[in-house]
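The values are calculated or read from the model by the stated rules, or taken from the named source; none is laboratory data. What you see is a predicted model; the values in this text were computed from it and never measured. All Cβ positions, glycine included, derive from the backbone under ideal geometry; neighbour counts span all protein chains shown.
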Amino acid sequence: MLVGYLLAIASAAAGGVYFCLGAFLVKPAVGVSVIAFTRTVYVWATLFGFLGALLSGHRRALRLTGPQIAANALLGVLFAVSVILAFDSVVVIQATTSAVLQRTNVLFVLLLGFLLLGDRLTRSELAAAFLVVCGVALMLKGQSDLLGRGPMEALGSALASALYQLTAKKTLAQVPAPVVNAYRNVSVLVIFVAYELIGGRSSAPPEGRIYWTIVVAAFVGPFLHTLLNLMALARLEVSKAALVAQMQPIFVLLYSSLIVWLLPSQAAAWKFSGPR
C-alpha cells in the first residue's frame with residue numbers, strides 16, 4: 001500500500017508541473033491557443049503511451065477485447081467531458097468559483113466508491129470529506145446563482161472526473177496500467193479533434209521551442225502523471241487515491257512560487273504569479 005501512496009504523490013507532483021507548463025504556454029505573451037496546446041499534447045501523449053506499453057513488456061496486452069475497448073473509450077469520454085465542462089464553466093463564472101466547485105470531485109469519489117465498489121470509508125477519509133465541504137462552503141459564501149449554468153457545469157465536471165476514476169479502477173482489474181494509459185490518450189485525442197472540427201475551433205500548431213516545450217508537457221502530464229495515477233489506482237482504493245490527488249494544488253503553488261523567486265523577470269513578463 002505504501003507504494004500506492006508514493007505513486008499517487010508522484011502523480012500529483014507531475015500533475016503540478018504539467019499545470020504550470022500549461023499555464024505558461026497559453027498566456028497571451030506566449031500565444032499558444034488552448035486548442036492547439038491540447039491537440040499537440042495528446043498527439044504526443046498517445047505516442048508516448050504506446051511506446052511505454054511496448055517497452056514495459058505489454059505488447060500482447062495491447063490486443064484488447066470488445067468490452068475492454070469500450071471501457072477504455074469510456075475513460076476518454078469521461079475525461080474529455082470533465083475538461084470541456086470545466087473550460088465552459090469559466091466562461092460563465094469566475095475561474096476561482098469553478099475551481100472550488102470542481103474540488104467536490106473527491107466527495108463524488110468517496111460516495112460512489114463506497115456505493116459501487118464497496119470501498120471502506122475510514123474516519124480520516126470522512127474527516128477529510130467534512131473539511132472539503134466546509135472549505136467549499138466557506139469559499140462560496142455570499143455567491144449568488146449557484147444553481148445556474150456555470151456552477152452546474154463545474155459540478156458536472158467534478159462528477160465526470162469521479163466517474164473517470166471509478167471506471168479506471170474497474171478497467172485496471174483486467175488491463176495493465178501502461179495499456180490503459182495508451183488507449184485512454186487515443187480516446188481523448190479523437191474526442192478533442194472531433195470537438196475542434198465540429199465547433200470550427202481549429203488553430204495552427206505552434207513552432208520552434210514552444211512546440212518542444214509542449215512535447216515536454218505531454219510527457220510530464222497526460223503520459224507520466226496519468227500513468228502514475230493509474231498505477232496508484234491499481235494498488236489503492238479509489239477513495240484513498242482521490243484524497244492524495246488533492247495534493248496537486250500544493251505542488252502547483254510550490255512550483256509557481258519557485259518560478260517567481262528564481263526567474264522574477266520572466267515571471268513578470270509572463271504575468272505568472274501562481275494560483276490565486
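Only one residue in LEU74, LEU107 is buried (at least 16 other Cβ atoms within 10 Å of the Cβ) and modelled with pLDDT of 90 or more, so which one is that? Result: LEU74 is the single residue among LEU74, LEU107 that is buried (at least 16 other Cβ atoms within 10 Å of the Cβ) and modelled with pLDDT of 90 or more. One residue stands out in the stretch 84-101 among those that are part of a helix (DSSP H, G or I) and buried (at least 19 other Cβ atoms within 10 Å of the Cβ): the one that is modelled with the highest pLDDT, namely LEU85.
Assessment of the stretch 189-207 against the conditions (assigned to a helix (DSSP H, G or I), modelled with pLDDT of 90 or more and within 15 Å of PHE37 (Cα to Cα)) yields at least one matching residue. All conditions in (1) surrounded by 23 or more Cβ atoms within 10 Å (Cβ to Cβ); (2) without any contact (Cβ under 8 Å) to a residue 24 or more places away in the chain; (3) not hydroxyl-bearing (Ser, Thr, Tyr) hold for ALA218, with the sole exception of (2). Of PHE79, PHE48, all but one fail to be at pLDDT 90 or above and aromatic (Phe, Trp, Tyr); the exception is PHE48. Checked against (1) in contact with a Pro (Cβ under 7 Å, 6 or more places away or on another chain); (2) in a loop (DSSP other than H, G, I, E, B); (3) modelled with pLDDT under 90; (4) not polar (S, T, N, Q), HIS58 passes all but a single condition, namely (3).
Of all residue pairs spaced 6 or more apart or on separate chains, those with beta-carbon atoms under 7 Å, a first member in the stretch 164-176 that is over 20 Å from ALA53 (Cα atoms) and a second member that is polar (S, T, N, Q) are TYR164/SER82. Scanning the stretch 18-38 for residues being buried (at least 20 other Cβ atoms within 10 Å of the Cβ) and not in a loop (DSSP other than H, G, I, E, B) gives a total of 9.
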